[in-house]
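What follows is one structure encoded as structure tokens, with my remarks underneath.
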Amino acid sequence: MGYTNSPMVVYTKLSPNHSGQRTMAIDRITPHCVVGQCTAEGLGDWFYKSSTQASSNYGIDKDGRVGMYVEEKNRSWCSSSGANDQRAITIECASDTTEPYAFRDIVYQRLIELCIDICKRNGKNKLIWFGDKDKTLNYSPKSGEMILTVHRWFANKSCPGNWMYARMGDLAEKVTKVLGGTDKPVEPEKPEDKTAIKWYRVRKTWTDSKTQKGAYKILDNAKKCADQNPGYKVFDADGKVVYEPKAAEPAVKVPFLVKVSISDLNIRKGPGTDYGRVQFCPPGVYTIMEVRSGKGSSAGWGRLKSGIGWISLDFCKKA
């Protein structure tokens with residue numbers, strides 16, 4: 001295929017740190033955090049050093065300026081995974097130097113614009129974020145699809161930081177909306193076959209099919225989906241509510257602060273040990289936005305303000 005570069009670039013300093021022309025077609029975008037409020041020039045100087053042994057295709061500096069350090073036709077050294085970098089456009093973004101490594105708003109908005117540009121030039125009309133490493137890496141994107149990946153899946157790193165990780169879904173949604181694709185496909189309604197498997201649908205209301213998050217053969221899976229999406233319920237094939245999540249009564253009003261002192265407290269995708277683990281929660285003080293009861297915690301589960309997931313309040317102290 002023919003490769004092009006972004007017209008958004010305002011500064012170019014090509015790094016010697018790359019593997020030459022790609023052996024795979026581009027179907028991934030991998031945003032990173034620099035861990036520093038860098039300039040496009042400073043990032044270019046860093047990547048230009050052969051001793052750095054790293055590079056990215058693009059960088060977005062603290063003022064939202066886009067730099068190019070490896071042309072799109074070439075594989076950068078950015079994600080600790082040769083297989084990912086062969087397929088991905090990698091983007092380093094200026095960020096704070098401490099967790100959650102937040103981006104300035106202008107940096108985030110420029111990231112959205114750059115992803116739109118990358119997708120358009122590479123013939124994609126949909127950007128996808130699954131939020132699950134195994135599902136993502138086992139998925140084969142269709143011709144018009146681009147998927148998001150993150151550095152932390154390939155190395156023991158926080159990158160792109162919890163601030164950006166919590167916004168990956170928002171990034172995919174905003175980019176797809178501009179591209180004109182459908183970021184959340186809804187299963188079309190079909191006449192019920194009385195002999196067929198009964199599906200459990202997760203929606204806000206039965207009549208509003210556009211809000212559907214998914215359809216499940218197994219009720220427990222549908223319940224998990226509803227637990228992860230406040231305001232959603234599980235409906236049977238006849239449109240009757242068979243499950244509605246209920247928030248646990250918090251000891252104090254939310255939001256409130258908790259202190260985590262241990263280093264191996266799991267962040268989970270939902271309120272319970274039956275939900276998948278996202279990562280360890282670093283020691284520190286966190287804001288809890290919601291409390292629910294769930295398997296494996298007598299004090300309940302607290303939803304983190306960052307949106308990354310839930311932690312057991314058994315191992316926290318009020319700050």
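Among the listed pairs 246/295; 198/224; 133/223; 62/157; 177/223; 253/305, give every one whose C-alpha distance is greater than 20 Å.
Numbers: 246/295 14 Å; 198/224 18 Å; 133/223 22 Å; 62/157 22 Å; 177/223 28 Å; 253/305 15 Å.
Violating the 20 Å limit, Cα to Cα: 133/223; 62/157; 177/223.
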Mind sorting 3, 108 by how few other Cβ atoms lie within 10 Å of their own Cβ, fewest first? 3, 108
Please state the relative contact order of the chain as a whole percent: Cα pairs under 8 Å, 6+ residues apart? 12
Residue 51 versus residue 277, label points 7 Å from Cα toward the beta carbon: distance in nm? 3.8
Can you figure out the FRET efficiency of residue 305 with residue 236, using R₀ = 41 Å and their beta-carbon distance, to the nearest 0.05? 0.75
Using alpha carbon centers only, the stretch 58-134 is separated from the stretch 298-318 by a whole-angstrom value of 30
Of 38, 93, 115, which is the most mobile in a GNM of the chain whose springs link Cα atoms less than 10 angstrom apart? 38
Value in Å of the Kirkwood radius, where the chain supplies the Cα pairs that are averaged: 21.3
Helix 105-121: angle to the longest alpha-carbon principal axis of the chain, degrees 0 to 90, nearest 10? 80
Grab every C-alpha pair in the stretch 200-243, bin the distances at 10 angstrom width from 0 up to the longest one, and report whole percents. 37, 60, 3
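I'd like to compare 276-286, 127-137, 152-162, 50-60: which one has the highest average count of other Cβ atoms within 10 Å, and what's the full order after that?
Values: 276-286: 15.2, 127-137: 17.0, 152-162: 19.2, 50-60: 20.8.
Per-residue Cβ counts within 10 Å, averaged per peptide and sorted highest first, yield 50-60, 152-162, 127-137, 276-286.
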Out of the DSSP beta bridges found with both residues in the chain, what percent are antiparallel (nearest 5)? 65
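Given the rule -39500 (n - 2.57) for each run of at least 4 DSSP H residues, summed and divided by the residues of the chain, what is its mean residue ellipticity at 222 nm, to the nearest 500 deg cm²/dmol?
-5500 deg cm²/dmol
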Could you please tell me the mean projected area of the C-alpha convex hull for the stretch 256-318, averaged over all directions and given in square nanometres to one decimal? 3.4
Going by amide H atoms built from the backbone, whose H comes under 5 Å of the H on residue 147, apart from near neighbours? 28, 29, 128
To the nearest 0.05, what FRET efficiency results for residue 12 and residue 139 with a Förster distance of 30 Å applied to their C-beta separation? 0.35
Highest-fluctuation residue, 126, 62, 142 considered, GNM on the chain with Cα pairs under 10 Å: 142
Note, ³J(HN,Hα) from phi for the stretch 82-93, Karplus 6.51, -1.76, 1.60, rounded to Hz, x at Gly and Pro: x, 5, 5, 5, 5, 10, 9, 8, 9, 9, 8, 10
Computed E for residue 264/residue 86 - FRET, C-beta separation, R0 41 angstrom, nearest 0.05: 0.75
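Rule-based calculations on the coordinates, nothing more; no lab input. Since we're looking at a predicted model, the values are computed, not measured. For neighbour counting, all protein chains shown are included, and Cβ atoms are generated from backbone atoms with ideal geometry for every residue, glycine included.
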